[in-house]
Amino acid sequence: MKKSVLILFVITLLIYNGCKKTDTASNPVTGDESGTVIINGEVIDFSTGAAITNAAIKLYGKISDSTISKSAVTDDNGKYTFEFTVKGGIDLKVIAQKEGYTPDTTNVYAVAGRTLTASKLLLKSTATGGGTGVRKPSSIYLLGTSVPSIGIKGAGGVESVQLVFQVVDSLGIPLDLDNAVNVGFVLAASPGSGAVLNPPTARTDAGGSVKVVLTSGTKAGVVQISATINSDGKVINSNPVAVSIHGGLPDLNHFSCVPAKLNIPGFNIYGVEDVITAYVGDKYSNPVRPGTSVYFKTDGGIIEGSALTNALGVASVRLYSANPLPNHPTLGPGFAQITASTTDETFSVINRSTIVLFSGIAFISCSPTSFDIPNRGSQQFIYTVMDQNSNPLVEGTAISVTVEGKDYELSGDKDITLPDTQSRSWTSFSFTIRDLVDTAAVNPLTVTIKSNGLNGKSSLVFSGVVR
């Protein structure tokens, strides 16, 4: 019985092994196996780095009695591809040729079953550019920068920028290594405080390019860099290149918070808007770097929570009149305190506050409200125009005093337009009525005090006589 089981097991194992598929992924190509090889490559101009189209590419190699010889041409992007079958591996040579260029060669080792990328083939133009065999620099210009702007030293941001210039000949072709020149760099303009260029002089590379690094100092502003070439007694300058150096982190002594309007008619009207602006500078009196976050809060109404500074260090939000109605612990009802916050270079929170008055409905009172002015006499009147919290009304409110009757003279605060104010001195006014005629006649007068503005309209009318 045991012998039969053993025989059955052996037969099953043989059948399983005979039917199992080979895992090609786990069996790499050996030197005796054949397979497809793909070779990709690119041909570019030695001087400019531009792709060369329609270049003739030849690939050849020999192993044992087998020889491989292939031809191709580059496409519009200077690219070419070879695909063929090879046994094991083979050393191949790739040659690129085109009229007007010196040929270039590279080697590649092709292995069955692999996709390979050959080294770039660099073809140098045989054109002289000027007919003398020597190409002279004609102009220099900025090719690019590593970052658009930098920050001042020690502010925690990027402090250096690399600028790449390119030198070209009279045909606009970048100089190659055979015609390389030295380029000097200077700061044409600088805010000072340590901004430097390094190196002060550099030599152009195979593409006519040359690089310099600007490192900021401790002062924000605009730096202008100029690149200069001295060639055969001729000075060639680039156009000045401007780089912005932004400020550092916020500083309490250079941090302000102010409203666009000191007084808005928001105590009885919801949705009245005011703009609150923070002005944020660093310890060097420069605007902080753009994008610095400023947070806002208010104890009256509703305010946008935060804003980012612009290039001038300015961040603005909108304040709206709404619940809760403000009630300042010192100034009283109607006065809202708005606080702006940010962090300084020590990561401490710094704050600045401002006050906005939410003024209400207009009320008018006067003393006295009746009068009997004797012959050639006069009477002074003290009147107030304010809201229900004894606060001044908003900017542009027009206040007028008029009198109907005859034989009188009116002087004093009879025609007033209020400024943007929070001062209660702008709630109390006065005027005087004087009898003009020396007669025994009694003339009745009617006095009207009016207020008209964004807080609404109000008026007070009373009467008396002059004798």
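The table below gives the values:
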| quantity | calculated |
| --- | --- |
| Count - residues of segment 442-466 that are basic (Lys, Arg) and surrounded by 17 or more Cβ atoms within 10 Å (Cβ to Cβ) | 1 |
| Failed item, numbered, when Val394 is tested on (1) part of a strand (DSSP E or B); (2) in contact with a Gly (Cβ under 7 Å, 6 or more places away or on another chain) | (1) |
| Which numbered condition Gln224 fails, given (1) touching a strand residue (DSSP E or B) at 6+ places or on another chain (Cβ under 6 Å); (2) over 22 Å from Tyr284 (Cα atoms); (3) part of a strand (DSSP E or B); (4) modelled with pLDDT under 95 | (2) |
| Qualifying residue in segment 226-238 (condition: surrounded by fewer than 17 Cβ atoms within 10 Å (Cβ to Cβ), acidic (Asp, Glu) and touching a residue at least 60 places away in the same chain (Cβ under 8 Å)) | yes |
| Filtered residues of segment 296-313 (kept if assigned to a strand (DSSP E or B) and surrounded by 18 or more Cβ atoms within 10 Å (Cβ to Cβ)) | Phe296, Thr298, Ile303, Ala307 |
| Residue in segment 335-344 that is of a type in the set (Gly, Ala, Ser), in contact with a Lys or Arg (Cβ under 9 Å, 6 or more places away or on another chain) and under 18 Å from Thr277 (Cβ atoms) present | yes |
| Flag if Leu187 is surrounded by 21 or more Cβ atoms within 10 Å (Cβ to Cβ) and either closer than 19 Å to Ser244 by Cβ or not assigned by TED's automatic domain parsing to the domain that holds Asp282 (or both) | no |
| Odd one out for Gly113 among (1) outside any loop (DSSP other than H, G, I, E, B); (2) within 30 Å of Ser71 (Cβ to Cβ) | (1) |
| Test: residue in segment 91-103 that is assigned to a loop (DSSP other than H, G, I, E, B), loosely packed, with under 14 Cβ neighbours inside 10 Å and either free of Cβ contacts under 8 Å to residues at least 24 places away in the same chain or not assigned by TED's automatic domain parsing to the domain that holds Ala206 (or both) | yes |
| Among the residues listed as Ile303, Ile350, Ile338, the single one being touching a helix residue (DSSP H, G or I) at 6+ places or on another chain (Cβ under 6 Å), among the β-branched types (Val, Ile, Thr) and not assigned by TED's automatic domain parsing to the domain that holds Arg424 | Ile350 |
| Residue that is farthest from Ser423 (Cα to Cα), among those in segment 334-388 that are without any contact (Cβ under 8 Å) to a residue 12 or more places away in the chain and hydrophobic (A, V, I, L, M, F, W, C) | Phe347 |
| Residues located in segment 353-396, provided they are in contact with a Leu (Cβ under 8 Å, 6 or more places away or on another chain), within 23 Å of Gly300 (Cα to Cα) and not small (Gly, Ala, Ser) | Ile355, Val356, Leu357, Phe358, Met386, Asp387, Asn391, Pro392, Leu393, Val394, Glu395 |
| Filtered residues of segment 420-440 (kept if touching a strand residue (DSSP E or B) at 6+ places or on another chain (Cβ under 9 Å) and either under 21 Å from Val356 (Cα atoms) or among the small types (Gly, Ala, Ser) (or both)) | Asp420, Thr421, Gln422, Arg424, Trp426, Thr427, Ser428, Ser430 |
| Condition check for Val183: within 40 Å of the chain's Cα centre (by Cα) and either at pLDDT 90 or above or at positive phi (or both) | yes |
| Residue that is nearest to Ser359 (Cα to Cα), among those in segment 441-455 that are at pLDDT 90 or above and among the hydrophobic types (A, V, I, L, M, F, W, C) | Leu454 |
| Subset tally (residues that are surrounded by fewer than 20 Cβ atoms within 10 Å (Cβ to Cβ) and either farther than 17 Å from Ser160 by Cβ or touching a Lys or Arg at 6+ places or on another chain (Cβ under 8 Å) (or both)) for segment 190-216 | 11 |
| Residue under evaluation Ile416, criteria (1) within 15 Å of Gln380 (Cα to Cα); (2) surrounded by fewer than 17 Cβ atoms within 10 Å (Cβ to Cβ); (3) under 56 Å from the mean Cα position of the chain (by Cα); (4) of a type in the set (Val, Ile, Thr), criterion not met | (1) |
| Hits in segment 245-265 (condition: surrounded by 18 or more Cβ atoms within 10 Å (Cβ to Cβ), among the hydrophobic types (A, V, I, L, M, F, W, C) and over 22 Å from the mean Cα position of the chain (by Cα)) | Leu262, Ile264 |
| Subset of segment 131-147 that is part of a loop (DSSP other than H, G, I, E, B) and touching a residue at least 12 places away in the same chain (Cβ under 8 Å) - its residue that is farthest from Ala195 (Cα to Cα) | Val134 |
| Options Val241, Val258, Val212: the member that is in contact with a Phe, Trp or Tyr (Cβ under 9 Å, 6 or more places away or on another chain), in the same structural domain as Arg318 (by TED's automatic domain parsing) and aliphatic (A, V, I, L, M) | Val258 |
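Conditions (1) farther than 30 Å from Gly172 by Cα; (2) in the same structural domain as Leu121 (by TED's automatic domain parsing); (3) at pLDDT below 85, marked per residue:
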residue	(1), (2), (3)
Lys3	yes, no, yes
Leu13	yes, no, yes
Asn17	yes, no, yes
Ser34	yes, yes, yes
Ser47	no, yes, yes
Ser66	yes, yes, yes
Ser71	yes, yes, no
Asn77	no, yes, no
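The values are calculated or read from the model by the stated rules, or taken from the named source; none is laboratory data. This is a predicted model, so every value here is computed, not measured. Methodologically, a virtual Cβ is constructed for each residue, glycine included, from the backbone with ideal geometry; neighbour enumeration extends over all protein chains shown.
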